[in-house]
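Q: Dropping the structure in here first, questions after.
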Amino acid sequence: MALPDALIAELSALLGDGWRMDDATRAANGGDDSRRHALPDAVAQPRTCEQVVALVRACRAHGMPLVARGAGTGTTGAAVPTQGGIAVSFARMNRILDIRAADRCAVVEPGVLNGTLQQALQPHGLFWPPDPSSAELCSIGGNLATNAGGPRAVKYGATRDNVLGLAAVTGAGELIRVGGAYTKASAGYDLTRLLVGSEGTLALIVEATLKLAPRPQAQAGLRAFYRDAASAAAAVSRLMAQPVVPAMLEFMDRRSLELLRRNGSDVPEAGAMLLIEADGSFDALPDILAALGGAADGDGLIDMDVAQDGLARDKLWAARRALSPALRSIAPGKINEDVVVPVSRIPDLVAGVEALADEYALTIVCFGHAGNGNLHVNILYHPDDADESARAQAALPRVFELALALGGALSGEHGIGLSKRDFMAGAYDPATLETMRAVKRAFDPDGILNPGKLLP
């Protein structure tokens, strides 16, 4: 939609060189890793909380959409300005405001990169647990918007579990502060957890107090190969049923292993593989490894090896890191969905996905964060093949139906954005969806924040 001259003049005066309307900046802020793209009418690059408040109030007065964005690594189109308006880049709000080691928390602005924060925390012997695959590039604000996870979530939780407090600007242009530098509270509604994962539809987060964890003294990895996916999935259930929680627990199906071998990785033939990470003190690690290895052992286990030194562990995890980029060597088209089910239903999810692959004559590769029941289902196809593309699109809702039928959810860490918005009506009953809409109206009465996303 066209920007009124009065709004352009007001925001140009407010933001100075942080107000951009040139084609290059608009294009650079119009897409994300979903490969969707739409041009905003302008890009705002605020430097302060006060500027964000003034920006939202000005846009509310003119009914102008605002779409917050971090580093653009999201996969659901949540940061794509499909209705035009103003893209709000938080790249300039990138300060680590405070590291409070005694309180095990850090106060940061949303534009801080996850990798930058981790480096700053190293001298303090601390880390922030969320570790999405794009950790070196993604922003804390983006992590907060999507409730990002990663392999460590099985032990340490996702973003929502590692945030203590927030400052945010609602769609009414009001600055609110929720939570604080404490880990226990029972005072009012938990708005902190509500805002995390809301994809910029309720408020623009301008500051976050993050919960930190001490770096473990020692780490080790286990790599276990199984006869078939059912055997590996059963091992996941055993691993999660015993008292020792793995730091990471990743699953790869048969097609994943075939792909890795094709691309030169040292992976033997097997029906499935689990990558298991253990961490703890030097004294405790041997017992932790023994417990995890004992749980991984069972019917269908073909082989298992251990890596304790840094180089060996890096080699062990290299296959997992190489998997996602290698998918496009099978087919240029990829639909990557991150459904989640109860851990005990992983065998049924894997079996159901394999059945869909056969039914639709498609290659579907399944891997991911098995300890949380969060698997990435990758439907691969050739976009220039109309019939194959149609089969891929037809298989997608069946994946969601399968996950929901198993008591799961549409997303474990990527969020809803545009790609899953139309499936929300199948995931929630009308009363629940209307309650979500009521929350949206309370925070954003005029609907200017990221319109058209998350809710159908």
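Q: Mind listing just one residue for me: the one in the range 398-446 that is within 24 Å of LEU362 (Cα to Cα) and of a type in the set (Phe, Trp, Tyr) and, of those, most open to solvent (accessible area, probe 1.4 Å)?
A: PHE423
Q: How about the range 339-351: which of its residues are at pLDDT below 95, farther than 15 Å from GLY271 by Cα and open to solvent by 10 Å² or more (accessible area, probe 1.4 Å)?
A: Answer for the range 339-351, where residues must be at pLDDT below 95, farther than 15 Å from GLY271 by Cα and open to solvent by 10 Å² or more (accessible area, probe 1.4 Å): PRO342, VAL343, SER344, ARG345, ASP348.
Q: Another question, if that's okay. Restricting to the range 39-57, name every residue that is small (Gly, Ala, Ser) and either free of Cβ contacts under 8 Å to residues at least 24 places away in the same chain or surrounded by fewer than 20 Cβ atoms within 10 Å (Cβ to Cβ) (or both).
A: Here is the first cut: in the range 39-57, the ones small (Gly, Ala, Ser) are 42, 44, 54.
Residue satisfying the conditions is ALA54 alone.
Q: Please find, among ARG254, ARG262, the residue that is surrounded by fewer than 22 Cβ atoms within 10 Å (Cβ to Cβ) and touching a residue at least 40 places away in the same chain (Cβ under 8 Å). Break it down into steps so the answer makes sense when it comes.
A: Working: ARG254 fails: touching a residue at least 40 places away in the same chain (Cβ under 8 Å).
After applying the criteria, what remains is ARG262.
Q: Same structure, new question: I need the helices (runs of 4 or more DSSP H) fully contained in the range 1-100, keeping only those with at least 3 residues that are among the β-branched types (Val, Ile, Thr) and farther than 30 Å from THR183 by Cα. Outline the logic, then answer.
A: Working: elements: 5-15, 23-28, 49-62.
Correct list: empty, since no element meets the threshold.
Q: Further, regarding this structure: So if I check each of VAL236, VAL267, VAL244, VAL206, which one is touching a Cys at 6+ places or on another chain (Cβ under 9 Å) and either of a type in the set (A, V, I, L, M) or assigned to a strand (DSSP E or B) (or both)? Step through it out loud before you land on a result.
A: Values: VAL236 fails: touching a Cys at 6+ places or on another chain (Cβ under 9 Å); VAL267 fails: touching a Cys at 6+ places or on another chain (Cβ under 9 Å); VAL244 fails: touching a Cys at 6+ places or on another chain (Cβ under 9 Å).
Criteria check complete, one pass: VAL206.
Q: If you don't mind, there's one more thing I want to ask. Kindly provide the set of residues from the range 430-456 that are under 17 Å from PRO65 (Cα atoms) and β-branched (Val, Ile, Thr), ordered by number.
A: ILE448
Q: Just one of the numbered conditions (1) open to solvent by 40 Å² or more (accessible area, probe 1.4 Å); (2) under 15 Å from the mean Cα position of the chain (by Cα) is not true of PRO383; which one?
A: (2)
Q: Out of all the residues in the range 282-295, is one or more modelled with pLDDT of 90 or more, open to solvent by 40 Å² or more (accessible area, probe 1.4 Å) and among the β-branched types (Val, Ile, Thr)? So that I can check it myself, show each step before the final result.
A: From the range 282-295, those modelled with pLDDT of 90 or more are 282-295; that's our starting set.
Next cut, open to solvent by 40 Å² or more (accessible area, probe 1.4 Å) only: 282-283, 286-287, 290, 294.
Keeping just the survivors that are among the β-branched types (Val, Ile, Thr) gives none.
No; the residues of the range 282-295 include none that is modelled with pLDDT of 90 or more, open to solvent by 40 Å² or more (accessible area, probe 1.4 Å) and among the β-branched types (Val, Ile, Thr).
Q: Could you run through the range 6-28 and say how many residues are open to solvent by less than 50 Å² (accessible area, probe 1.4 Å), within 31 Å of the chain's Cα centre (by Cα) and among the small types (Gly, Ala, Ser)?
A: 2
Q: If you scan the range 145-179, which residues turn out to be surrounded by fewer than 22 Cβ atoms within 10 Å (Cβ to Cβ), at positive phi, out of contact with any Pro (no Cβ under 7 Å at 6 or more places or on another chain) and assigned to a loop (DSSP other than H, G, I, E, B)?
A: GLY173
Q: Looking at the structure I just gave you, is GLY142 at pLDDT 95 or above, part of a helix (DSSP H, G or I) and open to solvent by 10 Å² or more (accessible area, probe 1.4 Å)? I'd like the intermediate steps shown before the answer.
A: Details: at pLDDT 95 or above: yes; part of a helix (DSSP H, G or I): yes; open to solvent by 10 Å² or more (accessible area, probe 1.4 Å): yes.
For GLY142, the condition - at pLDDT 95 or above, part of a helix (DSSP H, G or I) and open to solvent by 10 Å² or more (accessible area, probe 1.4 Å) - is met.
Q: List every residue pair whose Cβ atoms sit under 8 Å apart, with the two residues 6 or more apart in sequence or on different chains, where the first one lies in the range 181-199 and is under 30 Å from GLY417 (Cβ atoms) and the second, anywhere, is among the hydroxyl-bearing types (Ser, Thr, Tyr) and open to solvent by 100 Å² or more (accessible area, probe 1.4 Å).
A: No pair meets every condition.
The values are calculated or read from the model by the stated rules, or taken from the named source; none is laboratory data. No experiment lies behind these values; they were computed from the predicted model shown. FYI the Cβ positions are ideal-geometry reconstructions off the backbone, even for glycines, and counts take in every protein chain you see. Surface accessibility is based on the protein's heavy atoms, side chains included, excluding ligands, DNA and RNA. Shrake-Rupley method; radii C 1.70, N 1.55, O 1.52, S 1.80 Å.
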